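To start, the structure itself, in structure tokens.
The values are calculated or read from the model by the stated rules, or taken from the named source; none is laboratory data. Quick caveat: nothing in here was measured; it's all calculated off a predicted structure. In this analysis, Cβ positions are derived from the backbone assuming ideal geometry, glycine residues included, and neighbour counts consider all displayed protein chains.
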Amino acid sequence: MPRTFMIAAAVAVLIPMPSSMASAQQRSQFGNADEAKAMLAKAVAAVRADKTKALDMFNKGEGGFLDRDLYPFCFNVSDGKHLATQAKQLVGQDIRTLKDPAGKAFGLELYAAAQKPEGQITEVTYMFPKPVADTTPGQNVRFTAPGQKVSFVTRAGDVGCAVGYFQ
């Protein structure tokens, strides 16, 4: 009887594993809200410590600032000019001009969120091209069809910073 119980207990433990393993693989392939918030906190700390170095690391995806589909992007609070992002074509562009494929002016929302007091985090939801999951620091990130993205936005001195994840 004890041996039968042990086998039944072992089987009961193993049965949920495939679905747990599948969700663990899903979690490891793409970032989530908690990971995006943690990266934003790390990015803000880096900007406060050395803005120039931080922005350079963000653009290069170094120092843990490119994790699967998660990466920080920053812009001037004054003029909205993109300073750092993995979407290289956006560097130098005014964030306020950005619209998603449905025509939503999400760039204005990102900019407005960065006008709030430091430490206040605002969520902005929009459609954005989804990065390929196999991103490697130092490489240009490739993007695919748009997906729904939620970005957490805050202010760090004279810079607005955000990290988004795909829902």
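Side notes on the structure shown:
- Single residue of segment 102-117 satisfying the filter (modelled with pLDDT of 95 or more and hydrophobic (A, V, I, L, M, F, W, C)) that is farthest from Phe152 (Cα to Cα): Ala105
- Listed by position, the strands (runs of 3 or more DSSP E) inside segment 33-135 whose residues that are free of Cβ contacts under 8 Å to residues at least 40 places away in the same chain and surrounded by 20 or more Cβ atoms within 10 Å (Cβ to Cβ) number at least 1 are 82-84, 122-131.
- Selection from segment 29-65 of residues that are under 15 Å from Ala162 (Cβ atoms) and among the aromatic types (Phe, Trp, Tyr): Phe58, Phe65
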